[in-house]
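I have placed the structure first, in the form of structure tokens, so that the comments after it can refer back to it.
No lab work stands behind these numbers, since they all come straight from the coordinates. Since the model is a prediction, treat every value here as computed from it, not as a measurement. We place every Cβ from the backbone using ideal geometry, glycine too, and count neighbours over all the protein chains shown.
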Amino acid sequence: MKDLALIDIAQNPGRAPIRVGLFVTCLVDLMRPSIGFAAVKLLEDAGCRVHVPSQTCCGQPAYNSGDRAATKQIARQNIAAFEDCDYVVAPSGSCAGMLAKHYPELFAGEPELAGKANAFAAKCFELVSFLVDVLKVTKVSARFEGEVAYHDSCSGLRELGVFSQPRQLLASVEGLRLVELNGADVCCGFGGTFAVKYGEISDAIVAQKTSNILASGAPTLLAGDLGCLMNMAGKLQRQGSDVAVRHVAEVLAGMTEEPAIGASRAAALSAGAPN
Amino acid sequence: MTGTATASHFKQNAHAALQDAALQKALQHVRANFIDKRAKAVARLPEFDALRDSARDIKDHTLANLDLYLEAYEAKVVAAGGHVHYAMTAKDGVDIVLKLCRERGAKAVTKGKSMIAEEIGLNAALEAAGIDPIETDLGEYIIQLRGEPPSHIIAPAVHLNKEQVAEDFRRAHRDLPGDRDLSQPVQLLTEARGILRDKFLSADIGVTGANFLIAETGTSIIVTNEGNGDLTQILPKVHIVIASLEKIVPTLEDASQLLRVLARSATGQDMSVYTTLSTGPRRPGDPDGPEEYHVILLDNGRSSMLGGDFEDMLRCIRCGACMNHCPVYHAVGGHAYGSVYPGPMGAVLTPSLIGVKEGGQLPNASTFCGRCEAVCPVRIPLPNMMRHWREREFERHLSPAAMRYGIGFWAYFAKRPALYRLSTNIAMRALHLFGGAKGRFAWLPFAGGWTRYRDLPAPQGATFQSRWRAKSGRLN
């Protein structure tokens, strides 16, 4: 199903703009709207018409806490909200993975809903892989001075195969140099409610991650999931590090005027925002 | 399951593990070693992923026809002159071993490495019956000296450093000269080998586990790197194989396919050093072998996993790749799980064995990073199954009250988009005013679980949805 859609867009550039529903994710909606606007810019630059239906969350906190009934209710709500969209795109591998991989699983055994969930899942994508794999975007027009390290968030990497796409687009950002991050594919210890339920273990895992980040020497860390980014930024800041942490979409869209995650506006100004 | 299970104290165990400097040093070794070696072995074999599919299919087919293959296996064992005993529970398994030992007046039992023996608490039962169990796998031997359970299913002493082992040997081996150099692993191995040689020769019964039981031939297969399994099963007069039901595979060809993924996933070897097949007792004309050959087939909860949410777990071939790649296992080690089986496979299997009330912490202690599933040679969807346990817990109201209220509170809003948009917009603006100048919080009420360990970024202010609506004049 995805392949058909893909051909459709790639071979019919003159066609009416495709209607992309932005699933902004609750974390971006609440904590860092600038990522949402960066996603909108990237999608619009690629010729999409972006819609933002009224929405809340993908349901993952309930799903991973064993509350299947609440999860299903939220899932049905989302499936309905995005019914008119050709695609649903989220600036998060974790939330996109929930929509694309877990919604069908949730309704397996309920024929009518399973059909809807499958059709919905087939049009859900993580932002950067959507740009590259579906829209065939090969480069962006953005500038970012300096070295960056990129962390592969788990769900995007392992559920959706997001690996080369962000690297490909980052390579096209003027002035940006991607440096090797040891253990880039190892979990940062966030894990949603895990970070709070098992705070001490989560802390030990993220400490491993930050020591690799610091060893990379890059002054900026990027990833595609705000949960992981908040975890890594929070730990780096607690350790007194001034590594700037940002969502990859902010850099790809050239929208880095907002202070980095957890940084103050004053600090951002005095450091001279690297853009 | 042994009486020492502390799975319900996972958090406390994990806390202790994180403070244990020697353990943390040993765990670095897990992180550094197993992952690289597996990756290299997999890279050398282009068909590895196809083999994983085939391995999964072999196990699924066997589980779907388990009754038939068990019958066929039993018939072949009997035809080869062996005996098959069925044990429904751990206690049944122990009782059968003890009975066989007593009837033969056994004083000393050598043991190959067997997780099933750990699962049923065999050593403690043998000791209580006045029989000396002697672990012959180096790692098992070391932890036996220390009175510890294994911390890993294939590397039982992986939580130890060589200095700790040298100390244990000096304490336990009374004839060891004080000036003997035990600073290198090979010197430790030589020392253990010297002690174990005599024990191999004096044992009355040898107990091994099995990696595979082959229905076609009635053969049991064990893989080892030390050859201790061979000496355990060949030298004593009686060989007892103790294995769980799901170790059955239909044919030798199937077993050889599974062997191709087993060692590569476990240690990154193409094959283990020894792959030993045994079929029945010694036949006339055989140069060696036991006079009696017994197989104890343990159920202990497995048959109730068939046909349910956890059946896929019965595909497990005990390679340990899931724990080798698990960030939680890397952080706290195997003992923290307080269960015979640690890591992701243990987090799924343990609640099946001891109940979700006792074992429910384990499937919760996962970030769902999915690396375990990504490396599993039989493609067990481990995170999904851990989630199934969380669902069972939730249904039975066993999950912690704070978590239930937290999720309930959040879900109330998540199910009401208009209310959600309004209230989050107010809350985020307030939080922004409160923490915006600094950009983050070092502490925040109700967020202590987070802010105890890391800062929490302050929100940017108004929510995305409210800004979008203001910008575009409408929400959609």
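Listed values, structure above:
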{"item": "Lysines with Cα under 30 Å of B:LYS40, excluding same-chain neighbours fewer than 8 positions away", "result": "A:LYS101, A:LYS209, B:LYS25, B:LYS59, B:LYS113, B:LYS162, B:LYS247"}
{"item": "Helical mean residue ellipticity (222 nm; -39500 (n - 2.57) per DSSP H run of 4+; nearest 500) of the protein assembly as shown", "result": "-14500 deg cm²/dmol"}
{"item": "DSSP beta bridges in chain B [antiparallel fraction, %, rounded to 5]", "result": "30 percent"}
{"item": "B:LYS91 paired with A:ALA215, simple spin-label distance in nm, labels 7 Å along Cα-to-beta-carbon", "result": "5.1 nm"}
{"item": "Residue-averaged beta-carbon neighbours from other chains (10 angstrom radius) around A:26-39", "result": "5"}
{"item": "Positive-end residue, the protein assembly as shown charge dipole about Cα centroid, Cβ charges, pick of A:LEU176, B:GLY307, A:TYR150", "result": "A:LEU176"}
{"item": "Gain on full stretching of the segment that runs from B:LEU45 to B:GLU216 - 0.36 nm per residue minus C-alpha separation", "result": "58.8 nm"}
{"item": "Normalised contact order of chain B, rounded percent, pairs of Cα under 8 Å and 6 or more residues apart", "result": "20 percent"}
{"item": "Between segment B:208-261 and segment A:92-161, the Cα center-to-center distance that results, in Å", "result": "43 Å"}
{"item": "Between 0 and 90°, nearest 10: helix B:66-79 axis offset from chain B longest Cα axis", "result": "20 degrees"}
{"item": "Rounded to 5, the percent of DSSP beta bridges in the protein assembly as shown classed as antiparallel", "result": "20 percent"}
{"item": "By average C-beta atoms within 10 angstrom, highest first, the peptides B:381-390, B:281-290", "result": "B:381-390, B:281-290"}
{"item": "Helix B:90-103 axis, angle to chain B major axis (alpha carbon atoms, nearest 10°)", "result": "10 degrees"}
{"item": "On Cα atoms only, tilt of A:33-45 relative to the major axis of chain A in degrees", "result": "60 degrees"}
{"item": "Order of B:TRP443, B:TRP410 - criterion: other Cβ atoms within 10 Å of each residue's Cβ, fewest first", "result": "B:TRP443, B:TRP410"}
{"item": "Burial ranking of peptide ranges B:47-54, B:247-254, B:292-299 (average Cβ count within 10 Å, highest at the top)", "result": "B:292-299, B:247-254, B:47-54"}
{"item": "Two-site FRET efficiency, A:ARG49 against B:ALA470, from Cβ-Cβ distance with R₀ of 22 Å, rounded to 0.05", "result": "0.70"}
{"item": "Kirkwood Rh in Å, taken over the protein assembly as shown so that all alpha-carbon pairs contribute", "result": "27.8 Å"}
{"item": "Shape call, segment A:8-137: gyration tensor on alpha carbons, a/c limit 1.5", "result": "oblate"}
{"item": "Shape of segment B:412-472, Cα gyration tensor, a/c cut at 1.5", "result": "oblate"}
{"item": "Distance between modelled label sites at A:SER172 and B:GLN12, nm, 7 Å Cα→Cβ extension", "result": "5.7 nm"}
{"item": "Förster radius 41 Å - calculated FRET efficiency between B:ALA427 and B:ASN33, Cβ distance, rounded to 0.05", "result": "0.30"}
{"item": "A:LEU30, B:LEU182 arranged by Cβ crowding within 10 Å, fewest neighbours leading", "result": "B:LEU182, A:LEU30"}
